[in-house]
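**Q** Before we start, here is the structure in question, set down as structure tokens.
The values are calculated or read from the model by the stated rules, or taken from the named source; none is laboratory data. The model shown is predicted, which means the values in this text are computed figures rather than measured ones. Counting neighbours? That spans all protein chains shown, and the Cβs are built from the backbone with ideal geometry, glycine included.
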């Protein structure tokens, strides 16, 4: 894997992990599903607008439409929808830790569904990443958390696994912004009727809420998704998914800096193990594994 892909993966992991903190801020002052639908509508409109400005075609291939629909439903409506609801009672750092199980789930699904071979070094990397996640999670769950919120986060990461696998064999092409924008609009269309049915638009407007909504719309919502699609197109779904192993560290770090959530020595040890796992997976990829 080349340096550009590494930098893309690190940038994606940081932006994606920061979304848990901004989401925690949003759900404290606004209904989770309706606010998420608003975010997707804004991000989608901006993505499609950028595609038009850049001269990109809104005519997608069959595989791109499949990715738009499945990704929009599974990642945006289900994964993020479930996480937004969960973070009414679960810390941002805990949600980011659970989400980091994605690489293991993607690798196992690729092995079971598509027969994709994983060499011993790749397996060792996935195990190391999982151990790092468990180290951080163990230090976090000792104080007790809401089991319903945890269950919603687990269901969310399963949906994200499906979304990631839907990108298998999907070319990014020259109209990537169109794909990013349209899958955001799919998420907004799926969540809006649900939000209208179960929530009321009761919002406590504040500079903190406006900043969090603007940030999550532009950075994790739009830019991180663009980087993710480009990264998967560059190195493949399984290697790209290993960068989700960094969610615990970046998620805990951002939550510590902005929300005052705890950051301890076990967290730092966990991220060192996670980093070693990611390195093993990527070296394995270079040597012809996966």
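**Q** Which residue, of 237, 190, 276, 230, is at pLDDT 90 or above and either on the phi < 0 side of the Ramachandran plot or crowded, with 23+ Cβ neighbours inside 10 Å (or both)? I'd like the intermediate steps shown before the answer.
**A** Numbers: 237 fails: at pLDDT 90 or above; 276 fails: at pLDDT 90 or above; 230 fails: at pLDDT 90 or above.
Unique residue meeting the criteria: 190.
**Q** Output the number of residues of the range 44-69 satisfying the condition of being surrounded by 24 or more Cβ atoms within 10 Å (Cβ to Cβ) and either outside any helix (DSSP H, G or I) or touching a strand residue (DSSP E or B) at 6+ places or on another chain (Cβ under 7 Å) (or both).
**A** 0
**Q** When you scan the range 26-43, do you find a residue that is surrounded by fewer than 17 Cβ atoms within 10 Å (Cβ to Cβ), over 18 Å from the mean Cα position of the chain (by Cα), in a helix (DSSP H, G or I) and touching a residue at least 24 places away in the same chain (Cβ under 8 Å), even just one?
**A** no
**Q** With the condition kept exactly as written, say whether any residue in the range 199-211 is closer than 22 Å to residue 76 by Cβ, part of a helix (DSSP H, G or I) and in contact with a helix residue (DSSP H, G or I) (Cβ under 7 Å, 6 or more places away or on another chain).
**A** yes
**Q** I've got another one for you. Please give the number of the condition residue 52 fails out of (1) at pLDDT below 85; (2) under 22 Å from residue 174 (Cα atoms).
**A** Failing condition for residue 52: (1).
**Q** Take the residues in the range 157-178 that are outside any helix (DSSP H, G or I) and either within 18 Å of residue 102 (Cα to Cα) or under 13 Å from the mean Cα position of the chain (by Cα) (or both); name whichever of them is modelled with the lowest pLDDT.
**A** Our first condition is that a residue be outside any helix (DSSP H, G or I); within the range 157-178, this holds for 166-175.
Imposing the further condition that a residue be either within 18 Å of residue 102 (Cα to Cα) or under 13 Å from the mean Cα position of the chain (by Cα) (or both) reduces the set to 166-168.
On the way: 166: 73, 167: 67, 168: 63.
Among those residues, the one meeting the criterion is 168.
**Q** What is the one condition in (1) farther than 26 Å from residue 253 by Cβ; (2) touching a helix residue (DSSP H, G or I) at 6+ places or on another chain (Cβ under 6 Å) that residue 60 does not satisfy?
**A** (2)
**Q** Tell me, which helices (runs of 4 or more DSSP H) lie completely within the range 70-156 with 2 or more residues that are in contact with a strand residue (DSSP E or B) (Cβ under 6 Å, 6 or more places away or on another chain) and at pLDDT below 80? Don't jump to the end; show me each part of the working.
**A** Numbers: elements: 81-86, 92-99, 102-114, 120-141.
Where helices (runs of 4 or more DSSP H) fall fully within the range 70-156, none carries at least 2 residues being in contact with a strand residue (DSSP E or B) (Cβ under 6 Å, 6 or more places away or on another chain) and at pLDDT below 80.
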